[in-house]
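Heads up, the thing below is written out as structure tokens.
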Amino acid sequence: MNAASLTEKLFDAFARRDAAAAAAMIADDAVWRFPGKKGALAGDHQGREAIFAFLFKVIELTGGTFASERVALAGDEHRAFLHFIGRAERGGKQLDNPTCLMLVFSGGKLVEAREWVWDLDHVEDFWS
């Protein structure tokens, strides 16, 4: 299965809130890199547990309003690039954020996710 297919499978598990299926697709030592220096989510989230904590924090901080709209997905055997728009509300602020997410897989498991955002100032303000 190529990285684009694995990405679809992983995000389907997230959408179904199937933590067991998602966890089975994430390496124990995987890392999720979120941009910025001052936002509540900024930095590297190392390990499966930290990645889940990061993702749950997104839900918690937005009161469950976070949603993503997939724009494009492409990949090869090991890397996928997902272009999506993240939207949420938090403390009277609106997030409308074009994002590129690179996902790296090895042995069918996610080993690295790295996000790039269109407007880092907007994103850091929203998560601060």
> Looking at segment 96-126, which of its residues are buried (at least 17 other Cβ atoms within 10 Å of the Cβ), in contact with a strand residue (DSSP E or B) (Cβ under 8 Å, 6 or more places away or on another chain) and not in a strand (DSSP E or B)?
Replying inline: VAL123, PHE126
> Can you tell me which residues in segment 1-29 are among the polar types (S, T, N, Q) and either touching a helix residue (DSSP H, G or I) at 6+ places or on another chain (Cβ under 6 Å) or surrounded by fewer than 17 Cβ atoms within 10 Å (Cβ to Cβ) (or both)?
Replying inline: ASN2, SER5
> Which residue, of TRP116, TRP32, is modelled with pLDDT of 95 or more, touching a helix residue (DSSP H, G or I) at 6+ places or on another chain (Cβ under 8 Å) and on the phi < 0 side of the Ramachandran plot?
Replying inline: TRP32
> For segment 65-72, does any single residue satisfy the condition of being at pLDDT 95 or above and among the basic types (Lys, Arg)?
Replying inline: no
>> Given the criteria farther than 18 Å from PHE126 by Cβ and either within 14 Å of the chain's Cα centre (by Cα) or not in a helix (DSSP H, G or I) (or both), does ALA50 qualify?
In response: yes
>> If PHE34 satisfies all but one of (1) more than 14 Å from PHE126 (Cα to Cα); (2) under 12 Å from the mean Cα position of the chain (by Cα), what's the number of the condition it fails?
In response: (1)
> Listed residues GLU77, GLU60, GLU69; which is charged (D, E, K, R), more than 12 Å from the chain's Cα centre (by Cα), in a helix (DSSP H, G or I) and surrounded by fewer than 17 Cβ atoms within 10 Å (Cβ to Cβ)?
Replying inline: GLU60
> Can you name the number of the only condition in (1) closer than 24 Å to HIS122 by Cβ; (2) of a type in the set (Gly, Ala, Ser); (3) free of Cβ contacts under 8 Å to residues at least 60 places away in the same chain that ALA21 fails?
Replying inline: (1)
> What number of residues within segment 80-95 are farther than 14 Å from ALA40 by Cβ and surrounded by fewer than 13 Cβ atoms within 10 Å (Cβ to Cβ)?
Replying inline: 2
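The values are calculated or read from the model by the stated rules, or taken from the named source; none is laboratory data. If you're wondering where the values come from, they're calculated on a predicted model, not measured in any experiment. Backbone-built Cβ (ideal geometry, glycine too); neighbour counts: all protein chains shown.
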